[in-house]
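Right, one structure below, let's go through it.
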Amino acid sequence: MLCFEDCIFVAKEINTDHTMCNFKPLIICFLCLWTAVIFGQSVEKERVVPVLTFKDTLILTVEDGKKMVYHPVKPKQTLFSISKFYSLSLEDLYDLNQGFRTDPTLRTGTRIKISIPNKAILRYKTPNFKGWRVAPIYYMVQDGDNLFQICKRHFAMPVDTIMKRNKMKSQNIRPGQLILMGWMSTDGILPEWRPVKPATESNSLKTRFEAEKKKHKEVDAQGVCFWQRDSKEKGDLYALHRDALIGSIIAVTNPIYSRTIYAKVIGRVPDGYERNIELILSPEAARKIGAKDPRFFVKLKYLK
C-alpha cells in the first residue's frame, strides 16, 4: 500500500522533471484524497456508539400503571449517556435500579430498567415511518394477562391490529411471551415529554443535614466536582460521592461565589472517572452554586 512518504517522493521526482510539470495538479489531488481517506478512518474509529439502534430490542412491562422498558447495555455506554438519551435524571435511574447505588458499573449485555412516557411509543407506521430509525418494543406477558387487557388498557389499541402485527391465529397468550406493540425512535426521548418535577428545596435538605450529623461523623473535604453542563434536567438536587453515606445529605460549596447547596447522596462515583473527581453533582445543584465549567473546584461537608 502506498504510504505518505512514498507520495511525497513521487511528487518531488515529478517536480524535478520540467517535462512532466503538467502532472503536478494530478499529484496534488492524489495527496489530498489520500489525506481525506486517512482522516475519515480516524473519525470512524472515534465515532460514538449510539445508545439505541434498529437492531436493538426493548422489552416492556407495566408496573403500577407505569411503562418500563429494559435497555440493553452496549460497550462504552455510561449511566450519563443512557440517562441523557431517555431524558431521565440519574436519581430516577438509581431509584429504578437500586444496585447502582453501591456498584454503578455497567456490564455489556445487561438490561437497565427505564420508565418511558406514552408519547415515546410509536404505535402505528405513519407515512414518515423509517425502520432504520426505530427500535421495536415488545411487551412481555405476565401472569394473569389477557390480550384484550394488554391492547385496550395498556396501549389503547385494537386487538385485531396486534394480532395481525404478530401473525397470531388466536388470542391465547402465555407468561413470558413477547408481543410486538410498537417502536421507539433511536433519537431518544425529548425532555418535554416528561412531567416537570418540583424542585427539591435546599433549605429542607440543610435541616436534614444538621439533624443527621448528630448521629454520624462529619468529614470536611475538597476536590474536583463534575456535572453534565449540557443537560436540561431540572428540579433534582442530588450527588454521587466516593465515601459519603448513601441516602445522607452533603453540603457542597463553590468558593468562587461562596455559594453552598445541599444535595442528597444517591450513589457512588462510577469507575472510569479520574481519582481527583471527588463528586458528581446534578445539573440543577451545579447551576445553583454558579458552576460554569464541567469540572470545578468545591469544598464539601459530608457524613460517613
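The values are calculated or read from the model by the stated rules, or taken from the named source; none is laboratory data. What you are looking at is a predicted structure, and each value in this text was computed from that prediction instead of being measured. Positions of Cβ are generated from backbone atoms using ideal geometry, with glycine treated the same way; all protein chains shown enter the neighbour counts.
Is it fair to say Ser115 is small (Gly, Ala, Ser) and more than 26 Å from the chain's Cα centre (by Cα)?
No.
How many residues are in contact (Cβ under 8 Å) with a residue 60 or more places away in the chain and either under 18 Å from Glu210 (Cα atoms) or not in a strand (DSSP E or B) (or both) if we restrict to the range 236-257?
Looking only at the range 236-257, we keep the residues that are in contact (Cβ under 8 Å) with a residue 60 or more places away in the chain, and these are 236, 238, 240-241, 243-244, 246.
Then drop every residue that is not either under 18 Å from Glu210 (Cα atoms) or not in a strand (DSSP E or B) (or both), which leaves 236, 238, 243-244, 246.
The qualifying residues number 5.
Can you find a residue in the range 153-160 that is in the same structural domain as His71 (by TED's automatic domain parsing), among the charged types (D, E, K, R) and at pLDDT below 95? Break it down stepwise before answering.
Step one: of the range 153-160, the residues in the same structural domain as His71 (by TED's automatic domain parsing) are 153-160.
Next, from what is left, pick out any that are among the charged types (D, E, K, R): 153, 160.
Adding the requirement that they be at pLDDT below 95 leaves 153.
Checked the range 153-160: at least one residue is in the same structural domain as His71 (by TED's automatic domain parsing), among the charged types (D, E, K, R) and at pLDDT below 95.
Determine whether Ala221 is closer than 14 Å to Glu91 by Cβ and either within 21 Å of the chain's Cα centre (by Cα) or not in a loop (DSSP other than H, G, I, E, B) (or both).
Taking the combined requirement at face value, the residue does not satisfy it.
Just give me the residues in the range 265-287 being touching a residue at least 24 places away in the same chain (Cβ under 8 Å) and surrounded by fewer than 20 Cβ atoms within 10 Å (Cβ to Cβ), in sequence order.
Arg268, Val269, Pro270, Asp271, Gly272, Tyr273, Glu274, Asn276, Ile277
Give the residue, chosen from Ile137, Ile162, Ile112, Ile116, that is free of Cβ contacts under 8 Å to residues at least 40 places away in the same chain and of a type in the set (Val, Ile, Thr).
Ile162
For the range 93-107, which residues satisfy the criterion of being hydroxyl-bearing (Ser, Thr, Tyr) and either surrounded by fewer than 17 Cβ atoms within 10 Å (Cβ to Cβ) or out of contact with any Gly (no Cβ under 9 Å at 6 or more places or on another chain) (or both)?
Correct list: Thr102, Thr105.
What do you reckon, is Ala244 farther than 17 Å from Lys288 by Cα and either crowded, with 19+ Cβ neighbours inside 10 Å or charged (D, E, K, R) (or both)?
Numbers: farther than 17 Å from Lys288 by Cα: yes; either crowded, with 19+ Cβ neighbours inside 10 Å or charged (D, E, K, R) (or both): yes.
It is true that Ala244 is farther than 17 Å from Lys288 by Cα and either crowded, with 19+ Cβ neighbours inside 10 Å or charged (D, E, K, R) (or both).
Look at the range 125-152 and say how many of its residues are in a strand (DSSP E or B) and either exposed (fewer than 10 other Cβ atoms within 10 Å of the Cβ) or at positive phi (or both).
Of the residues in that region, 0 qualify.
Name every residue in the range 180-206 that is in a loop (DSSP other than H, G, I, E, B) and not basic (Lys, Arg), in order of residue number.
Thr186, Asp187, Gly188, Ile189, Leu190, Pro195, Val196, Pro198, Ala199, Thr200, Glu201
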